[in-house]
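Q: Questions regarding the structure given below will be posed in turn.
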Amino acid sequence: GARDAFETAGLEVLATRRYDHVRTVEPPYSDGALTAARRKATGDGLADDRETILSGAVTESEYDDLRSSWREMGRTVVEQMGAKEYRRAETVPFFVTVGRVASSSR
């Protein structure tokens, strides 16, 4: 964790605090949100990770099923965006650790 990384770097941990960043998608939609919806609807977003997905326990058939479901969800999102009805919020936690150079008397 952070404590080990700090100690390895010769730093002393003073505090670690969690922050929650809420990311929202709502009208008016950003270019990034529109691009993400289009990539989901076409399957391009998932296709970028195809090799990684198939390197695990997922079979070709399971990947095809996932891609089909993914595209269907994407088409629904695009449709809702067209009607300005799509809204989504996700909370992304992140941690900030503050430290200082460890004293030489340790």
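The values are calculated or read from the model by the stated rules, or taken from the named source; none is laboratory data. Owing to the predicted nature of the structure, the values given are computational and were not obtained by experimental measurement. Backbone-built Cβ (ideal geometry, glycine too); neighbour counts: all protein chains shown.
Q: Quick test for you: out of 101, 92, 58, 77, pick the one residue that is at pLDDT 95 or above and either within 30 Å of residue 10 (Cβ to Cβ) or loosely packed, with under 13 Cβ neighbours inside 10 Å (or both).
A: So the residue among 101, 92, 58, 77 that is at pLDDT 95 or above and either within 30 Å of residue 10 (Cβ to Cβ) or loosely packed, with under 13 Cβ neighbours inside 10 Å (or both) is 92.
Q: Here are 41, 36: which of them is free of Cβ contacts under 8 Å to residues at least 12 places away in the same chain and surrounded by 14 or more Cβ atoms within 10 Å (Cβ to Cβ)?
A: 36
Q: Hey, could you check segment 1-10 for residues that are surrounded by 13 or more Cβ atoms within 10 Å (Cβ to Cβ) and either under 16 Å from residue 103 (Cα atoms) or more than 28 Å from the chain's Cα centre (by Cα) (or both) and say which is modelled with the lowest pLDDT?
A: 3
Q: Tell me the residue from 13, 22 that is among the β-branched types (Val, Ile, Thr), in contact (Cβ under 8 Å) with a residue 12 or more places away in the chain, exposed (fewer than 13 other Cβ atoms within 10 Å of the Cβ) and not assigned by TED's automatic domain parsing to the domain that holds residue 65, please.
A: It is 22.
Q: Restricted to segment 62-88, and to residues that are closer than 17 Å to residue 33 by Cα and among the hydroxyl-bearing types (Ser, Thr, Tyr), which residue is nearest to the chain's Cα centre (by Cα)?
A: Among those residues, the one meeting the criterion is 86.
Q: Here's a check for you: in segment 1-10, which residue that is touching a residue at least 12 places away in the same chain (Cβ under 8 Å) and small (Gly, Ala, Ser) is nearest to residue 93 (Cα to Cα)?
A: If we take residues in segment 1-10 being touching a residue at least 12 places away in the same chain (Cβ under 8 Å) and small (Gly, Ala, Ser), then 2 is nearest to residue 93 (Cα to Cα).
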